[in-house]
Structures are given as structure tokens and as C-alpha cells.
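Take a look at the structure set out below.
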Protein chains: 2
Amino acid sequence: MDAFLKEAIREAEQGAREGGIPIGSVLVIDGEIVGRGRNRRVQDGSAIRHAEMDCLENAGRLTADQYAKAILYSTLSPCDMCSGAALLYRIPKIVIGENLTFQGPESYVRSRGVDLTIVDDPECVRMMRQFIANRPALWNEDIGEVGDG
Amino acid sequence: MDAFLKEAIREAEQGAREGGIPIGSVLVIDGEIVGRGRNRRVQDGSAIRHAEMDCLENAGRLTADQYAKAILYSTLSPCDMCSGAALLYRIPKIVIGENLTFQGPESYVRSRGVDLTIVDDPECVRMMRQFIANRPALWNEDIGEVGDG
């Protein structure tokens, strides 16, 4: 498996151990991880710290030139918010672990010129299926859905 | 002027006093402000705390039912990231102080069913024009643009 996707999965697994939503992300520039993050809704009571947002925040203030060389990895298809963050910073490439359990606005993101790669990784799917089955209300909250599952 | 837009402007003014980027936001539900925020790139070294994001974070974890009644106010047209956050949470209405100095993906957001109101407020325009003239590099960083202005 892609070593960077594996690091994103490690973040997701750490999130699960913390009782959080198992989604992880890393930001890679010139072959090095410059930021890593995981969903912190539970851990920090956060409405905005999806994995990709946490990752971008932890990467710190970067220049447009740096973002232009970046690849964003996420274990799950980025939602509207996280896709929007990638568009804001013109990150040219996103590698997505899976988009079976949730799919963000991939067509729109592609129409804005972003290269999306869907890995279809079984471990990413397994983590999310297990989480959604166990914590449907928490999952619905995280994606803005009505209902307790 | 709309009293809630005025509160968003107060947040922007507070940001300016802190040496930050003068953009402010409030979230209103059932006629009450449930969250307020301002751009914190400078103050917190944050890549994700645009005014609307800071506001949503400060509002805390809300349910889909609460977001469905919410109005997001911002002194400036929301960028891709902040528009995406509003779409994630299906916030049905956004009131925008001005979109002359910067315009986010308004057409796309409208196509997703969000009601956007552009106030064209001269005070919002004045704050941003002054800031952009004084700090072009910081402004470019905030909107993912190359160059130091």
C-alpha cells in the first residue's frame, strides 16, 4: 500500500482508540509528510476538525507555492468542507482511501481541476463500516445528516 | 443596518485591533446569536480559522435540526472552505456583507440550494480595501493566492 495512505490510516486508528471518528489524513510535500491529523469531533468537541482540516491546521501557515506541490491524503472521500479547504489552497491532488461509505462532492472538485485518486482500500472501508454500525448518531452529526441512524 | 451583520462587523473590527485580518461572522438561530468568530490566521497562526470557521467552531457541536434553522452572517463573501462548511451542515441562508473585494463560489453555493443575500455594505468594503492595500501578502496567503501583492 501507498506509505502515505498507511500513515493516514494510522491517524484514523489512533482516533478510534481515543473514542473518536476513525478518519485520518496527511499532507505530503516533496515526498515528506508536513502535516497529519484525524477527526477530532469527539476528542475536542469540534465542529470543524474533520481529519483533513486538522491535518491542514497542523501543517501550519503555508504559502501558495507550497500548497501547489502538495498531495492531501484522506482515508475517506472529503466532505464539502474539506474539499472546499483543498480548493481554497489549490491543492492539486487528493488521494482517497475509499468512497463507498461516504462520498463528498468529487465531481465538482474534479471540475475545478483537482486530480482525485480513489484507492478503494479495504481497511479504510472496514474501519468506517464498523464505526457507522456502532455509532450511527455520531456519524450523522459529523456529516450534517438528520436522524440517529 | 441588520443588527446581526453589525455584530459580524464588530468581530471584524476586533480582529483588526488584534492585528488580524478584518473579517467577522456570526451564526444566528431563532433570532439569537449562537456563535461568533473572526479570522484568526495572524492571532492563532491558523490555516483554517477563517471567520466563518471560527464562528462555527465557537457555536459548538450542533444537530442537523439546529443548522437547518441557522443563518450564517459574514462580512465578506465566503471562500471555498467556508462555503463548503455551510454546505456540509446544510445551513440554508448566508448573509454576506460584501463581495466586491473577494468573491467565493456563490453560483455553486446557490446551485446547492442556499439562499445568499449580498448586502453591499460600505463599511465592510472599506475595511477590506484598507486591509488589502496595507497587507497584500497576508491577504494573498489567506485566499491561497501566489505573490506578495
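The values are calculated or read from the model by the stated rules, or taken from the named source; none is laboratory data. Since the model is a prediction, treat every value here as computed from it, not as a measurement. We place every Cβ from the backbone using ideal geometry, glycine too, and count neighbours over all the protein chains shown. Ligands, DNA and RNA are excluded from the accessible area calculation, which covers all protein heavy atoms including side chains. Shrake-Rupley method; radii C 1.70, N 1.55, O 1.52, S 1.80 Å.
A few comments on the model shown:
- Lone qualifier among B:ASP142, B:ASP80 - being within 30 Å of A:ASN140 (Cα to Cα), buried (at least 16 other Cβ atoms within 10 Å of the Cβ), within 12 Å of chain A (Cβ to nearest Cβ) and touching a residue at least 12 places away in the same chain (Cβ under 8 Å): B:ASP80
- Residues of region B:103-139 that turn out to be loosely packed, with under 15 Cβ neighbours inside 10 Å, in contact with a strand residue (DSSP E or B) (Cβ under 9 Å, 6 or more places away or on another chain) and not β-branched (Val, Ile, Thr), as a count: 4
- On the stretch given as region B:1-44, residues that are part of a loop (DSSP other than H, G, I, E, B) and either open to solvent by 30 Å² or more (accessible area, probe 1.4 Å) or within 19 Å of B:ASP120 (Cβ to Cβ) (or both) total 9.
- Test: residue in region A:58-71 that is open to solvent by less than 10 Å² (accessible area, probe 1.4 Å), in contact with a strand residue (DSSP E or B) (Cβ under 9 Å, 6 or more places away or on another chain), within 20 Å of A:MET127 (Cβ to Cβ) and of a type outside the set (Phe, Trp, Tyr): no
- Members of region B:27-54 found to be away from chain A (no Cβ under 11 Å) and either over 21 Å from B:ASP80 (Cβ atoms) or without any contact (Cβ under 8 Å) to a residue 12 or more places away in the chain (or both), listed by number: B:VAL28, B:ILE29, B:ASP30, B:GLY31, B:GLU32, B:ILE33, B:VAL34, B:ARG36, B:GLN43
- Selection status of B:ILE94, among the β-branched types (Val, Ile, Thr), surrounded by fewer than 18 Cβ atoms within 10 Å (Cβ to Cβ) and in contact (Cβ under 8 Å) with a residue 12 or more places away in the chain: no
- Residue list for region A:83-101, filter: of a type in the set (Ser, Thr, Tyr) and within 13 Å of chain B (Cβ to nearest Cβ): A:SER83, A:TYR89
- Filter result for A:ASP65 (of a type outside the set (A, V, I, L, M), more than 27 Å from A:ASN134 (Cα to Cα) and more than 14 Å from chain B (Cβ to nearest Cβ)): no
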